[in-house]
Structures are given as C-alpha cells and as structure tokens.
1. I'm told N120 meets every condition in (1) touching a Cys at 6+ places or on another chain (Cβ under 8 Å); (2) free of Cβ contacts under 8 Å to residues at least 60 places away in the same chain; (3) not basic (K, R) except one. Can you identify the failing condition by its number?
2. Taking the condition of being closer than 21 Å to C20 by Cβ and open to solvent by 10 Å² or more (accessible area, probe 1.4 Å), how many residues in region 85-132 meet it?
3. Collect the residues in region 38-56 that are modelled with pLDDT of 85 or more, in contact with a Leu (Cβ under 9 Å, 6 or more places away or on another chain) and either buried (at least 17 other Cβ atoms within 10 Å of the Cβ) or under 15 Å from P171 (Cα atoms) (or both), keeping them in residue-number order.
4. Does region 209-218 contain at least one residue that is part of a helix (DSSP H, G or I) and surrounded by fewer than 15 Cβ atoms within 10 Å (Cβ to Cβ)?
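The values are calculated or read from the model by the stated rules, or taken from the named source; none is laboratory data. What you see is a predicted model, and the numbers here were worked out from it, not measured in a lab. All Cβ positions, even for glycine, are placed from backbone atoms using ideal geometry, and neighbour counts span all protein chains on display. Accessible surface is based on the protein model in full, side chains and every heavy atom, while ligands, DNA and RNA are left aside. Shrake-Rupley method; radii C 1.70, N 1.55, O 1.52, S 1.80 Å.
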Amino acid sequence: MWIMPLRGKYLVWAITACCCQGFLLLGYDQGVMSGIIGADNQFGRDFGNPDPTTQGTIVAIYDIGCAVGSLITFFWGESIGRKRMIMAGAITMLIGTAILTSSTTLAQLYVGRIVTGIGNGFNSSSIPVYQSETCGGLVRGALVCLNSTVTIIGLVFAYWLDYGMSFVDGPAQWRLPIGFQAVFALCLLLQVAVLPDSPRWCMAHGREEEGARILAQLEDRDSASHPDVVAKRKEIELSLAQESAGGPFRYRELLQGGPLGNFRRICLCIGVNVMQQFTGYVVVYLGRACLLTPLKGQHDQVRDREIVGKDP
C-alpha cells in the first residue's frame, strides 16, 4: 500500500490530523442523537413517538456497542495492529451509519447504534496508542490531549447541524445529521490508509526493519542507521524487553505492582474515567432534548401565567 512520503514534523502533523479526525468523529457521533431523540419532531413521528424507556434504550445501546468494540481491541488489537484497527473502526462506522440513516424500524435503529458504537470503540481504544507511539516524548502528552479536545468540536458540529435541520420538514430532518458522520468516517479511513504503522508495534511483531524505516521517517533522517534512529530503536527494544521479561504477557500482570507499576496505572486510568462519568455530563450531551424539553414546558407555563396576570 502506498504510504504518504512525509518526514519529520510534517509526518507527525499528518498523523495528529488523522487522530484528531477520529476523535472529531467520536464527538459528533456521541452528540448527534441528543438533538433528535425526545423532541417533537420527524424522528419521533417516524418511530411512533418512543416512550422514555425506548429513548433510554436507543441511547444506552450505543454505549454497549462502544464497550464491545473496546473489549475486542483489548483482546485482539495488539495482534491486528494500530493502523488496521483504526481502519476497521472507520469501515465499521460507515456500515453503522448506513444502517442508521436508512432505518425504518426500531430494530434497525438498534442494530445501527450498536454497529456505530463498536466502530467508535475500535477508534477510541486504538487512536491514543497510535498517536503516542508515533510522536516524541516532549509533545506526546499535548498531542494526546489535543485529540480528546477535538471531541468537543465534534459535539459542536453535531449540535449546530441538529439545530439547523430542525427547521426542515420531512425525514431529512434527522437522516441528514445522522448520515453526515459518514463524511468524517470516510476522511478517517482515507487518512490512516496512507500513513505508516506504529514503529513500536512493527518491532514488537518481528518487523524490525520496517519499524526502523518508519523511525527514520519520523526523525527526518535519510538512513535507518543514523545515530538518532539507532538510539530510538534501542530505546524501544529495551522497553519491549522489560515488558516481556518473565515470559509472555498474562492478564493477571495488570493486577500486579512490580517495577512497571501496572496496577497503579490501571487504577489511575479507571479512576479518571469513573470520575469523568460522575460529573453527569453524559446526561447533557446524550439526552439533551429529553433533559431540556420539560424545562421548556415549565418556561412556557411561567410565561403564560405572566401574560395572563398582565391582562386588564
């Protein structure tokens, strides 16, 4: 497969743009349903004005798909590779978007939500690793944080498109916002297809020469034998040797301390995500219409009472 002939910082920028595209898709997909479901609109009429239980199922089943995608990546992502997992995520998202956009029944809608969730699970679990393994240590943290920040931009796109399409009558009112995420998924697929794989992954799977060539590209050096490339290669080899010390990886190592502090790292990762969910922000961006519609009704009642009270 043809690989984009970029080197040095330009290659890092291209990889970062690809990773940001994946999180832009993540944010858009998370936010697009919040402006559609629960409102008095074409979507409600097309699906028989779903009750709160059905609305909750439509929302929650997406997160189940995300969990399934993340678990698949956890068990098989290392053998498949970062680049191919991201490509699989983009393709899965395209399939899920097609199912959602053409939905005529709740069952089809559920399937589409699960499929798109699985695709986003692939992406959100693979992209941060791919980004961190293809950039230098000085900018690694900033670039990974940038990826997550772009999620907010995806949410904004989804909210404004939902708002704009709310003035349109007919099925396009909800089918266009849902189908528009295919643009982001297609861009992600085309971007990652022409980028190199992770040099660390290549070296961990017996493709040392390919990994060295990619390191030379990232370091903007003409040869894989350049001292800077050799130093980076030795650094990766040492890290891989430390991780594989004591035999093949076993899942129980995640619950052990040791010199690598695996259990501490796991607790930090879980703690950050749990505390993030405890803020309650998910209620707003996944069920915005359901949350705000009752408030609008209360506002209308107060306004009506004020108007009546002012009548002579």
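1. Unmet for N120, out of (1) touching a Cys at 6+ places or on another chain (Cβ under 8 Å); (2) free of Cβ contacts under 8 Å to residues at least 60 places away in the same chain; (3) not basic (K, R): (2).
2. Summing the residues that are closer than 21 Å to C20 by Cβ and open to solvent by 10 Å² or more (accessible area, probe 1.4 Å) in region 85-132 gives 11.
3. Answer for region 38-56, where residues must be modelled with pLDDT of 85 or more, in contact with a Leu (Cβ under 9 Å, 6 or more places away or on another chain) and either buried (at least 17 other Cβ atoms within 10 Å of the Cβ) or under 15 Å from P171 (Cα atoms) (or both): F47, G48, P50.
4. yes
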